[in-house]
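Heads up: the structure comes next, in structure tokens.
The values are calculated or read from the model by the stated rules, or taken from the named source; none is laboratory data. The shown structure was predicted, so the numbers you read here are calculated from the model rather than taken from an experiment. As a convention, Cβ positions derive from the backbone with ideal geometry for all residues, glycine included, and neighbour counts pool all protein chains shown. Side chains are part of the model used for accessible areas, which takes the heavy atoms of the whole protein and leaves out ligands, DNA and RNA. Shrake-Rupley method; radii C 1.70, N 1.55, O 1.52, S 1.80 Å.
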Amino acid sequence: GFKVLGYLCCFLAAFGVELGLPWKIPTIVFTLLYSICFLANGANYTNHNYLYILLMILTLLSGGGHLGVKMRDRSAQHLRTQAEKCVFGTVLLRAQFAIIYLFASMWKIHPDWFSGSIVRIIFLGLEQGGASRGIQWSKLEQTYGPHLFVFVAAGGLFLDSAMFMTLAFVPPKTSATKLFLAFTLSFHCFTTYAMSQRIGYSFPATCIAGIFVFLPVLVQSKSSKNGKVQIMEDCDRSVAGWLVFYMGRNKSGGGDKAGFGVTIPSRTRRWFGLFWVAMQILIPLRMPIVSRGKFPLTGVAYRWSWTMMLHSRTSMIEREVQNKDGENMLVALQLDYISPTCFGASTGKPDLHMPREVYMKGTDHPMSDSRTLPMHALIGPRQEGMLNYFPSSFLYRIAGGVAKIIDQMVNSPCGSRG
């Protein structure tokens, strides 16, 4: 009920401007509703949805893009104010994309990425799951050897780093824009084709659309000849240049022009922009601290950190123990082996496995053990992937959570033992 109503309101808000409402009202409503839908389902967290929320918030600061025909008859001061909003919003949007590419490249600086093993896990997993769009990665590996995935990994690191460096430190002149276009299309067109059946089209499409925020800032002026838009390439700055400029203005407080007829953002806006960028950098940096450097194997704090890489090479927890003869044995606990059990040690009776029909009827399958949990019916492919690749972090939580659910569904499941 409420979920359907929420999505309906979100849908109506998306077309609020076309219904004649001021652009801020439907935009704010849509952003809030979308954020609630996303944050309320933390188990299905993805970097994609998180990025959409951030971009929506930053777009709210851009003045709604009102620098077109509607502004032609407005005063010069009003035009400068709207231009300032568009420039400020564009700078923060550039900064947000730069931060994404910064951490996407930084987290790849790891032996597992350089060896190609992470890329191999991803693409062979897509092929096994029927989501590789017909690309036979296993045969390609047989043909070209392990260097295939090393090459793909090196290309991904190079393109991520190149997009970050271009966005962060190169002013958006025409030549730089073309270079950024080449980097962006090379990376995201590849992921669109090779991975879209798993990650969808919206994320790569959004990143490709990010090319537009790297275009030189457009400034419309009544003094321009024939009413044409002036492209002030020489006055635009890189993201780093704009942030240094804002920090300098915060300290000195002098001047009211950004160098090309656009009013400088207010002190509040400048401080907000600097605070936003600082937080977007600090939040991902918490991942190695919170996980004590073990995030590649545990996935701890991966949320909000711009990484979904799969470092683990096994989908089971392995422990070396000694048997009664003192010999070392390797004990493996795999996700598919979780089996609800009534332990009989306290009663002197043998342990009894609880079949699926006791707590979840209709999930038996001839190709799976009826004594184990029907994971295919409990979680989706994305959650199962996370569990398989980070078993030491999630396996005990799933087992404990399922045990509580069974206790609630089945009255005294181990009370009567025949």
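Couple of notes before you dig in:
- Projected label distance in nm at residue 279 and residue 244, using a 7 Å step from Cα toward the beta-carbon: 2.7
- Residue order for 364, 369 - accessible surface, 1.4 angstrom probe, largest first: 364, 369
- Ordered from highest to lowest accessible area with the whole protein assembly present and a 1.4 Å probe, 161, 291, 115 read as 115, 161, 291.
- HN-Hα J in Hz across the stretch 22-33 - Karplus 6.51, -1.76, 1.60, θ = phi - 60°, x for Gly and Pro: x, 4, 5, 5, x, 5, 5, 4, 4, 4, 5, 5
- Ordering 133, 120, 270 by accessible surface, largest first, gives 120, 133, 270; the 1.4 Å probe counts only protein heavy atoms, with every chain in place.
- For residue 174, solvent-accessible area (1.4 Å; no DNA, RNA or ligand), Å²: 70
- Extended-chain gain in nm, criterion 0.36 nm per residue less alpha-carbon gap, residue 267 and residue 53: 74.6 nm
- Site pair residue 158 and residue 211 shows an inter-label distance of 2.0 nm when each label is modelled 7 Å from Cα along Cα→Cβ.
- Using 0.36 nm per residue and subtracting the Cα-Cα separation, the extra length available between residue 189 and residue 371 on full extension is 61.1 nm.
- Integer Hz, Karplus 6.51/-1.76/1.60 couplings in order for the stretch 205-213, x for Gly and Pro: 5, 5, 5, 5, 5, x, 4, 5, 6
- FRET efficiency estimate (nearest 0.05) - Cβ-Cβ, residue 324 to residue 202, R0 41 angstrom: 0.15
- Neighbours of residue 58 by Cβ distance under 13 Å: Lys/Arg scored +1, Asp/Glu scored -1, total +3.
- Flagged links, alpha-carbon separation over 27 Å, of 85/173; 85/108; 108/139; 108/178; 139/294: 85/108; 139/294
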